[in-house]
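The values are calculated or read from the model by the stated rules, or taken from the named source; none is laboratory data. What you are looking at is a predicted structure, and each value in this text was computed from that prediction instead of being measured. Heads up, the Cβs are rebuilt from the backbone with ideal geometry, glycines too, and the neighbour counts pull from every protein chain shown. All accessible areas refer to the heavy atoms of the entire protein, side chains included, with ligands and DNA or RNA removed. Shrake-Rupley method; radii C 1.70, N 1.55, O 1.52, S 1.80 Å.
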Amino acid sequence: MRCKNCDNSLKDTQKFCDECGAKIINNRLQPKIIAQQVNEQFISIDNKFFRTFFDLFKQPESVIVGYINGTRKKYIDVLQYFAISLTLAGIQVFLITTFFKDALDFTPGFINPEKDINPLPGFNSDLFTKYQGLIYILGVPVSALATWLVYLILGDRRFNFTEHLVLNLYYSAQIIIITAVLSILFLVTGMNYLIVSSLLGLPTFIYLAFILKKVFNEDFWSTFAKFLMVMFVYVVIYFIAIMLLFLILYLSGNFKI
């Protein structure tokens, strides 16, 4: 018998591949098998999703540094976790555009749309929701570049750029999941999406500082100083990236001034 994942030679009694660690599956796909896998991955209390989610709050260094150092089975893989977050973000966009369209009205309440000039004449809420997933994806290398540059300039080279990508992928996935879930809960109460996003803004930045402190194991003031530098570099890079994005959208006819 051979492993279906890595083609390693296996004994008939083996339940896991000793080369790649994959579980040996001989049964055909059936609803019962799929239900068991869904339960193991997402529903049961002692599963990778909830363990990854809660440990990213309690001990993010265990998840992030552990993955960088080779731990692959204890928590959900970083790309898989990010993919799950994008799926939830997609569900959020669907629910908003289908049931909570009024929540995407960014016009201030004191402006009369029939008499006053629209303060955001080129803004299209459909465009915003359409490209939300792309914005999330593009934001990861931007934030990774910011953290990597700051720590590199300050002489901390323990993690390379790819490893900073891992840090920011886990951070971004966690933020996307929290934002998607809380946004839906708040929107049910009739709150505006812009207000919801603003309320969630500050905690996300505080959480990034918390992750940096835990991952790099530094004192509060060192972390705070580096965090401010990261935010500055992040804003500069993100501003340039946003300008390039709007330029591309303008040239393609998807954005009008």
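Some observations on this one:
- Helices (runs of 4 or more DSSP H) fully within segment 37-112 that include at least 1 residues being modelled with pLDDT under 90: 48-58, 78-99.
- Test: V196 is modelled with pLDDT of 90 or more and surrounded by 14 or more Cβ atoms within 10 Å (Cβ to Cβ): no
- Condition met for F227 (open to solvent by 20 Å² or more (accessible area, probe 1.4 Å), in contact with a Leu (Cβ under 7 Å, 6 or more places away or on another chain) and under 20 Å from F57 (Cα atoms)): yes
- Cβ pairs under 8 Å, 6+ apart, first in segment 69-84 and without any contact (Cβ under 8 Å) to a residue 40 or more places away in the chain and within 18 Å of F159 (Cβ to Cβ), second among the polar types (S, T, N, Q) and outside any loop (DSSP other than H, G, I, E, B): Y75/T52
- Single unsatisfied condition, F205 versus (1) free of Cβ contacts under 8 Å to residues at least 24 places away in the same chain; (2) open to solvent by 40 Å² or more (accessible area, probe 1.4 Å); (3) under 18 Å from the mean Cα position of the chain (by Cα): (1)
- Tabulated pairs, segment 144-161, first touching a residue at least 24 places away in the same chain (Cβ under 8 Å), second loosely packed, with under 11 Cβ neighbours inside 10 Å, C-beta under 6 angstrom, 6+ apart or interchain: none
- Of all residue pairs spaced 6 or more apart or on separate chains, those with beta-carbon atoms under 6 Å, a first member in segment 236-254 that is within 19 Å of Q132 (Cβ to Cβ) and a second member that is open to solvent by less than 100 Å² (accessible area, probe 1.4 Å) and modelled with pLDDT of 85 or more are Y238/V142; A241/V142.
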